Amino acid sequence: MSETNGLKSGSRLEKLLRAGHFVVTGELGPPQGAGGDEIREKARLLKGKCDAANITDNQTAIVRMSSIGSGVLCLQEGVEPIIQMTCRDRNRLAMQADLMAAHALGMRNLLCLTGDHQSFGNHPTAKNVHDLDSLQLMDMMVKMRDDKVFACGDAIKGEEPRFFIGAAANPFADPFDFRPYRLAKKIAAGADFIQTQLIYNMEKFEEYMRRVREMGLHEKVFILAGIGPLKTPGMARYMRDKVPGMDVPDVHVERMLAAGRDIPKEEKKARRDAYRAEGVAITVEQIEHLRQIEGVAGVHIMSIEWEEGVGIIAERAGLLPRPEVGA
Amino acid sequence: MIVGEQKPLQEIKELIGDGKKVLVAGCGTCVAVCFAGGEREAEILTSALNLSFQVDGQPKDIEEIMVQRQCEWEYVEPLADKIVEHDVVVSLACGIGVQTLVERFPDTWIVPGLNTTFLGMPQEQGIWVERCQACGNCILAVTGGICPVARCSKQLLNGPCGGSQNGICEVDPDMECAWQLVYDRLSRMGRLDLMVAFQPAKDWSVSRDGGPRKIVRKDLLMLGEAEY
């Protein structure tokens, strides 16, 4: 992989990372409908609170407005999008076509994902695609950007799509020992940045980062640590017990439970606020911890269906205001 | 082998429709071995259908016949006399057998009594598992002998994905993660290099995606008289 100092995409995210800033990315989920207002509102909540925001792509295989379309609306609201594309729903033809359009519409960050299996979502009878896997998608986008060729080898006659290319990493999935090798594979395939799955088990993440550093991978790719506020003890339990690839130590469930223990059950708003406050407090502690880990270039705050949380957390963690970036 | 499961009785009855004289054709090869469409299953189904239609007040004349292999012309040929006597044939063969019968007996209405499910093997008595997707370009050598096209829910060639936990696929707690198996196998054989290497995009054109496939072996074709 080339190690150029020049900018590959010119995105704000890329510029900040290359300038050595500790970045903050957020996330927003598009609506299950065809109206643009909801996205605009979410984008306004994120504006100025993060350097760029992921826009999910039929996340958990539930149909929502597309990532690229939503990205256009975000851009109009002044928020830099990170487009997500899964391999589940599109073949290589559709991917190239959609990503060329995304580039033309101003998008410059792309996260390449496998995609949750459609059995998780609301259209389990659909045919899944998986023409390419996420590494092959990255490889294809690198060749479009740097070699100016389509996947078939034909030259791109017009402008080439220039994305800052990202991949996900799950330090907690199995086989645990293979995960750093898989990260190396993703870097070799073209990843410029990585966003990890939600981290709750800090010890296990530190172990993962130790192995990543041993392999020198932290110098070849920008790693953003995924974090997110727990909203209720129920959510903590659910994530601990029911979500594949998620590792939530019991202490988090206990802390969440403790936060509401002294508040009578009828005082619903007070309890909700107490839980949220504790969730935010835990996340802020995590950010402080993560800033100490060598090789972590930023945080990716996933505040699902509570986009205000990104700004609240960023502020409490001392990450605001976000830096200005040069031309 | 080809593995299948008999369709529910109600569905088979609906497929028979108005047919009065029905022939249930079992197959003695793959579907017999998975106890879905062999001699015993054909007999049992025939009895069940006869009884059920009787109870409905719409008795039909249903009998069974066995074919050793419904996918080969020489084995289906002997059915010729029997078949013309019937309105509907319920074939308990896999989809290949059904279509072979249809091609040989174009004036007979033939319906499938089986759902052909997959290419697989009997892991233990009573349990069959999918193993092959007939993708047309076998890559078992790079995965140590575990097929990611058939056994990975997302057909990844550079797996595993992030949903692998304790060797189990995110789709179902009973489903093994194929890439965990690949990792274990390649580790055991000291060939993890194969899993670290990047697998480029697959050529799906030799798989079903390229259209229905055909093999012509010139060395095996029957020569005409003039060519001797």
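What about A:Ala191, is it away from chain B (no Cβ under 11 Å), within 29 Å of A:Ile62 (Cβ to Cβ), touching a strand residue (DSSP E or B) at 6+ places or on another chain (Cβ under 9 Å) and part of a loop (DSSP other than H, G, I, E, B)?
yes
Pull out all pairs, ordered by first then second residue, where Cβ-Cβ is under 6 Å, the residues are six or more apart or on different chains, the first lies in region B:58-78 and is free of Cβ contacts under 8 Å to residues at least 12 places away in the same chain, and the second is polar (S, T, N, Q) and outside any strand (DSSP E or B).
From residues that are free of Cβ contacts under 8 Å to residues at least 12 places away in the same chain, the pairs are B:Tyr75/B:Gln68.
Out of B:Val84, B:Val89, which single residue is among the aliphatic types (A, V, I, L, M) and out of contact with any helix residue (DSSP H, G or I) (no Cβ under 9 Å at 6 or more places or on another chain)?
It is B:Val84.
Yes or no: region A:253-276 includes at least one residue that is within 24 Å of A:Gln59 (Cβ to Cβ) and touching a residue at least 60 places away in the same chain (Cβ under 8 Å).
No, the conditions are met nowhere in region A:253-276.
For the structure I just gave you, tell me whether A:Leu105 is under 23 Å from A:Ala34 (Cα atoms) and buried (at least 18 other Cβ atoms within 10 Å of the Cβ).
Criteria not met by A:Leu105.
Residue check: is B:Gly136 under 23 Å from B:Ile215 (Cα atoms) and either assigned to a loop (DSSP other than H, G, I, E, B) or among the hydroxyl-bearing types (Ser, Thr, Tyr) (or both)?
yes
Among the residues of region A:133-160 satisfying the criterion of being within 12 Å of another protein chain (Cβ to nearest Cβ), under 21 Å from the mean Cα position of the chain (by Cα) and not in a loop (DSSP other than H, G, I, E, B), which is farthest from B:Asp209 (Cα to Cα)?
Only one residue fits best here, namely A:Val142.
Going by the conditions given, is B:Ile139 more than 8 Å from chain A (Cβ to nearest Cβ), β-branched (Val, Ile, Thr) and out of contact with any helix residue (DSSP H, G or I) (no Cβ under 7 Å at 6 or more places or on another chain)?
yes
What tally of residues in region A:206-228 results from selecting those that are of a type in the set (A, V, I, L, M, F, W, C), away from chain B (no Cβ under 14 Å) and not in a strand (DSSP E or B)?
3
Select the helices (runs of 4 or more DSSP H) contained entirely in region B:36-113, then report the ones holding at least 3 residues which are in the same structural domain as B:Pro8 (by TED's automatic domain parsing) and loosely packed, with under 14 Cβ neighbours inside 10 Å.
B:39-55, B:80-83
Just to be sure I understand the filter: pairs with C-beta atoms under 9 Å, separated by 6 or more residues or on different chains, first member in region B:144-155 and at the interface with another protein chain (Cβ under 10 Å from one of its Cβ atoms) and at pLDDT 95 or above, second member surrounded by fewer than 20 Cβ atoms within 10 Å (Cβ to Cβ) and in a helix (DSSP H, G or I). Which pairs pass?
So the pair list comes out as B:Ser153/A:Ser119.
Among the residues of region A:111-132 satisfying the criterion of being in a loop (DSSP other than H, G, I, E, B) and among the small types (Gly, Ala, Ser), which is farthest from the other protein chains (Cβ to nearest Cβ)?
A:Ala126
When A:Gly318 is evaluated against the numbered criteria (1) surrounded by 13 or more Cβ atoms within 10 Å (Cβ to Cβ); (2) at pLDDT 90 or above, which criterion, by number, is the only one it fails?
All conditions are met except number (1).
Go through region B:62-121 and count every residue that is more than 20 Å from B:Ile16 (Cα to Cα) and of a type in the set (Ser, Thr, Tyr).
Residues in region B:62-121 being more than 20 Å from B:Ile16 (Cα to Cα) and of a type in the set (Ser, Thr, Tyr): 2 in total.
The values are calculated or read from the model by the stated rules, or taken from the named source; none is laboratory data. What you see is a predicted model; the values in this text were computed from it and never measured. So basically every Cβ, Gly included, is an ideal-geometry build from the backbone, and we count neighbours across all protein chains shown.
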